[in-house]
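K.L.:
If you scroll down you'll find the structure; I have some questions about it.
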Amino acid sequence: MASPTRDTDPRAFIKSFGCQMNVYDSERMGDLAGQAGYAEAAGVEDADLIILNTCHIRERASEKIFSELGKLRELKEQRGQMGRPTMLVVAGCVAQAEGAEILRRQPAVDIVVGPQSYHRLPQLLREARIRPGVVDTDFPAEDKFSQLPASRLDAIRRRGVSSFVTVQEGCDKFCSFCVVPYTRGAEASRPAGAILDEIARLAGAGVREVTLLGQNVNAYHGVDRHGQAIGLAGLIRAAALMPGIRRVRYTTSHPNDMSEDLIDAHRDVPALAPYLHLPVQSGSDTMVKSMNRRHRVADYLDIVARVRAARPDIAFSSDFIVGYPGETDADFDQTLALVSAVGFASSYAFKYSPRPGTPAAEMSGQIDEAIKARRLAVLQELIEDRRQAFNRATVGRRLEVLFEKPGRREGQLIGRSPQMQSVFAEGPRSLIGALTVVEILAAEPHSLRGRIVSPAS
Ligand code: 5AD
Ligand code: SF4
């Protein structure tokens, strides 16, 4: 959004829930609101436009949104009495999943817009001013990305040194527990030229690290500027060559799309950071099969070994679901064994949450909440233990850190190691955006403390 120029300018507030894709979409909606004349609001209280960019993947997401909307309705009424109308927008995956039902349950909502059609926001705002209660949850034929404005530089600058770039959206995998194929639709890849143009703009505004983003990013299959097919490995190689770009990352990947070419890129492209988020969900073949993941646990271990052979310093992370229908103690123990065997640098664990409309929600053998909670606690403790062991192993080593911003204390800088660890050290602000060699002195609970050895470049 443009910085506010006058107190009378209308203001927009965007609240983002869920994944990094939503964070990226929220930034884009911010740009669109800016185009429609809105400055950035500090909070909901001073906002003339409130957008909730929602997530539907776990928990009682819809219920949380409706309770939030209940509060916002009161705020809208109060502001209305003061002669300040408020536009209320529900965007994201709950919007896609619930559609017009949202208007029925909460008539104070003016616009419901799905993740595939938010590029139409300026037009929807105009429509809703005349006739509130607009719903747009289409999967339009036009390319949403080609409709988006090239972000203005000030908006890009606020993103700092590291930025996400969406390269692919949607998923055709249909894991039995997951709503993404329904809310985000089929896999679709952006053309490589448009992605590289966006990266060039970001690099020009000071971005040094890009994370190529997609629900199923390693299924990326785009076309290059000559109309030739290009996969994620080709895109990574091209991004790594862009002037100014020092590091490239990608997330989130599916084991079945870890192609030979992509594994080779981990060996050949020094700028490709040695960190891979590769969810496996469970260590039990029975669970993985029932989840429709279409690979065995041994295949996952084989991929880990091959990527490690290509890039020995690579760190892995994963997502896990506990309490999936039919999960026995023995299945769960296999998940614990897998976590120990791989030695993940970090991981996320979730209790299985039935999502209406997905096959797993209808399965027999749903697991008791208390058992889910117990398994979650055990798994989280193991993951944390592994994470700390991984961090402790870096003490005494020298890592190349990309400093991103000043730390909490005066004179401190905060950045990330190649393996995604948060690192802080004393140093001048001029090092923000530069790759800097840091000797790690200690592993603290949430970050590594280090000493700057030399500005690497
Ligand atoms: N219940 C619990 N966790 C889920 N995830 C996706 N759907 C569900 C669900 N229904 C988790 C998976 C996925 C991550 C983004 O969210 O682990 O990898
Ligand atoms: Fe969901 Fe599976 Fe697709 Fe990931 S791969 S988005 S878990 S359906």
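The values are calculated or read from the model by the stated rules, or taken from the named source; none is laboratory data. Keep in mind that this is a model prediction, so the values were computed, not measured. Cβ: placed from backbone, ideal geometry, glycine included. Neighbour counts: every protein chain shown. Surface accessibility is based on the protein's heavy atoms, side chains included, excluding ligands, DNA and RNA. Shrake-Rupley method; radii C 1.70, N 1.55, O 1.52, S 1.80 Å.
K.L.:
Could you pull out every whole DSSP H run in the chain that spans at least 24 Å of Cα extent along its own axis and averages -1.0 or higher on the Kyte-Doolittle scale? Before the final figure, lay out each step's value.
P.N.:
Details: long enough: 61-81 (30 Å, -1.12); 369-392 (34 Å, -0.68).
Within the chain the helices that satisfy the rule are 369-392.
K.L.:
Let me ask another. When all protein chains stay in place, what accessible area (Å², nearest 10, 1.4 Å probe) is found for residue 368?
P.N.:
Rounded to the nearest 10, that gives 90 Å².
K.L.:
Let me ask something else. Under 1.5 on a/c is rounded, so check that first for the range 16-133, then, if it is not, pick prolate when a/b is larger than b/c and oblate when it is not; a ≥ b ≥ c are the square roots of the alpha carbon gyration tensor eigenvalues.
P.N.:
Numbers: a/c = 1.44, a/b = 1.15, b/c = 1.25.
Rounded shape, in that the Cα axes give a/c under 1.5.
K.L.:
Please report the antiparallel percentage of DSSP beta bridges with both residues in the range 318-457, rounded to the nearest 5.
P.N.:
Details: 21 of 29 bridges.
If I count the DSSP bridges inside the range 318-457, around 70 percent turn out antiparallel.
K.L.:
Where the centroid of each part is defined by its Cα atoms, how far is the range 275-322 from the range 157-198 in Å?
P.N.:
Distance between centres, Cα-based: 21 Å.
K.L.:
Here is a follow-up. Express the Stokes-Einstein translational diffusion coefficient of the range 353-457 in µm² s⁻¹, to the nearest whole number, given a Kirkwood radius over alpha-carbon pairs, 4 °C and a viscosity of 1.567 mPa s. Could you put the intermediate results ahead of the total?
P.N.:
Numbers: Rh = 16.1 Å.
Rounded to a whole number, D works out at 80 µm²/s.
K.L.:
From the protein chains alone at 1.4 Å, what is the descending order of accessible area for 398, 190, largest first?
P.N.:
Values: 398 140, 190 15 Å².
The most accessible residue leads, giving 398, 190.
K.L.:
How many angstrom separate the Cα center of the range 14-47 from the Cα center of the range 213-231?
P.N.:
28
K.L.:
First select every other residue whose beta carbon is under 11 angstrom from the beta carbon of residue 248; then total the charges, Lys and Arg +1, Asp and Glu -1.
P.N.:
Details: positive: 208, 237, 246, 247, 249; negative: 209.
Overall, the nearby charge balance is +4.
K.L.:
Now a separate question. Which of the cysteines in the chain are isolated, no other cysteine C-beta under 4.7 Å?
P.N.:
Cysteines of the chain left without a disulfide-compatible partner: 19, 55, 93, 171.
K.L.:
How much of residue 371 can a 1.4 Å solvent probe reach, expressed as accessible area in Å² and rounded to 10?
P.N.:
My reading of the accessible area for residue 371 is about 60 Å².
K.L.:
Next up: Given a Förster distance of 41 Å, report the FRET efficiency between residue 306 and residue 381 from their Cβ-Cβ distance, rounded to the nearest 0.05. The partial results should precede the final answer.
P.N.:
On the way: r = 30 Å, r/R0 = 0.72.
My answer for the efficiency is 0.85.
K.L.:
Rounded to the nearest 5, what % of the DSSP beta bridges within the chain are antiparallel ones?
P.N.:
Working: 26 of 70 bridges.
In the chain, DSSP labels about 35 percent of beta bridges as antiparallel.
K.L.:
State the answer as a single residue: which of 189, 423, 352 lies farthest towards the positive end of the charge dipole of the chain, with beta carbon charges of +1 for Lys and Arg and -1 for Asp and Glu, about the Cα centre.
P.N.:
Working it through, the farthest residue towards the positive pole turns out to be 423.
K.L.:
Rg and Dmax of the chain, using alpha carbons, in Å: what are they?
P.N.:
Using the Cα atoms of the chain, the pair Rg, Dmax is 22.7, 66 Å.
K.L.:
May I ask you to give the solvent-accessible area per residue for the range 304-457, in square angstrom, as obtained with a 1.4 angstrom probe? Don't skip to the end; give the middle numbers.
P.N.:
Numbers: 7400 Å² over 154 residues.
Per-residue value: 48 Å².
K.L.:
Run down the aspartates and glutamates and flag those whose C-alpha is under 20 Å from the C-alpha of residue 405, throwing out any fewer than 8 positions away in its chain.
P.N.:
In chain and number order, the partners are 27, 154, 209, 426, 439, 444.
K.L.:
Treat every Asp and Glu Cβ in the range 255-398 as -1 and every Lys and Arg Cβ as +1, leave all other atoms uncharged, and give the resulting dipole magnitude about the Cα centre to the nearest 20 debye. Mind showing how you got there, number by number?
P.N.:
Numbers: 18 positive and 20 negative charges, 88 e Å.
With Lys and Arg at +1 and Asp and Glu at -1, about 420 debye.
K.L.:
Treat each spin label as a single point 7 Å out from the Cα along the C-beta direction, and report the residue 449 to residue 126 distance in nm.
P.N.:
A separation of 5.8 nm, rounded to one decimal place.
K.L.:
Modelling each spin label as a point 7 Å along the Cα-to-Cβ direction, I'd like the residue 15/residue 348 distance in nm, to one decimal.
P.N.:
2.0
K.L.:
Now a separate question. How much accessible area per residue does the range 61-104 have, counting only protein heavy atoms and a probe of 1.4 Å, in square angstrom?
P.N.:
With the other protein chains kept in place, the range 61-104 gives 48 Å² per residue.
K.L.:
Out of the total accessible area of the chain (probe 1.4 Å, heavy atoms of protein only), what percent is carbon and sulfur? Could the numbers behind the result be given before it?
P.N.:
On the way: 10170 of 19810 Å².
Summing carbon and sulfur atoms, their accessible area is 51 percent of the total for the chain.
K.L.:
Answer with one residue from 117, 160, 334: the one whose Cα lies farthest towards the positive end of the charge dipole of the chain, charges on Cβ with Lys, Arg +1 and Asp, Glu -1.
P.N.:
My answer, from the dipole projection, is 160.
K.L.:
List the lysines whose Cα sits under 17 Å from the Cα of residue 372, skipping any in the same chain fewer than 8 residues away.
P.N.:
Within reach: 351.
K.L.:
From largest accessible area down, sort 372, 173, 15; use a 1.4 Å probe on the protein chains. Please report the intermediate quantities before stating the final value.
P.N.:
Details: 372 5, 173 35, 15 75 Å².
Sorted by accessible area, descending: 15, 173, 372.
K.L.:
Over the range 39-152, calculate the relative contact order: mean separation of alpha carbon pairs under 8 Å at least 6 apart, over the residue count, as a percent. Provide the component values of the computation, followed by the final result.
P.N.:
Details: 151 pairs, mean separation 25.3, N = 114.
Computed value for the range 39-152: 22 percent relative contact order.
K.L.:
Then there is this: Over the range 196-344, what is the mean sequence separation of C-alpha contacts under 8 Å (at least six apart), divided by residue count, expressed as relative contact order in percent?
P.N.:
Numbers: 216 pairs, mean separation 31.4, N = 149.
This gives 21 percent for the range 196-344.
K.L.:
Further question: Report residue 420's accessible area, 1.4 Å probe, all protein chains in place, as a number in Å² to the nearest 10.
P.N.:
Counting only protein heavy atoms, residue 420 exposes about 70 Å² to solvent.
K.L.:
Give, as a single signed number, the net charge of other residues whose beta carbon lies under 12 Å from the beta carbon of residue 88, with Lys and Arg counted +1 and Asp and Glu -1. Mind showing how you got there, number by number?
P.N.:
Details: positive: 15, 71, 73, 76, 79; negative: 48, 68, 74, 77, 110.
Charge balance near residue 88 sits at 0.
K.L.:
Mind putting a number on the dipole of the chain about its Cα centre? Charges go on the C-beta only, +1 for Lys and Arg and -1 for Asp and Glu, and I need it in Debye to the nearest 20. Mind dumping the intermediate values first?
P.N.:
Values: 58 positive and 56 negative charges, 196 e Å.
The calculated dipole for the chain is roughly 940 debye.
K.L.:
Another one. Can you compute the label reach from residue 441? Point 7 Å from Cα along the Cβ direction, backbone N cut-off under 16 Å, restricted to the range 391-415.
P.N.:
Hits in the range 391-415 for residue 441 at 16 Å: 395-399, 407-415.
K.L.:
Suppose R0 equals 51 Å; then what is the FRET efficiency for residue 389 and residue 224 from their Cβ-Cβ distance, rounded to the nearest 0.05? Walk me through the intermediate numbers first.
P.N.:
On the way: r = 42 Å, r/R0 = 0.83.
For R0 = 51 Å, the calculated efficiency reads 0.75.
K.L.:
Starting from the Cα of residue 341, step 7 Å along the direction of its Cβ; do the same at residue 82; then give the gap between the two resulting points in nm.
P.N.:
Once both label points are built, they end up 6.0 nm from each other.
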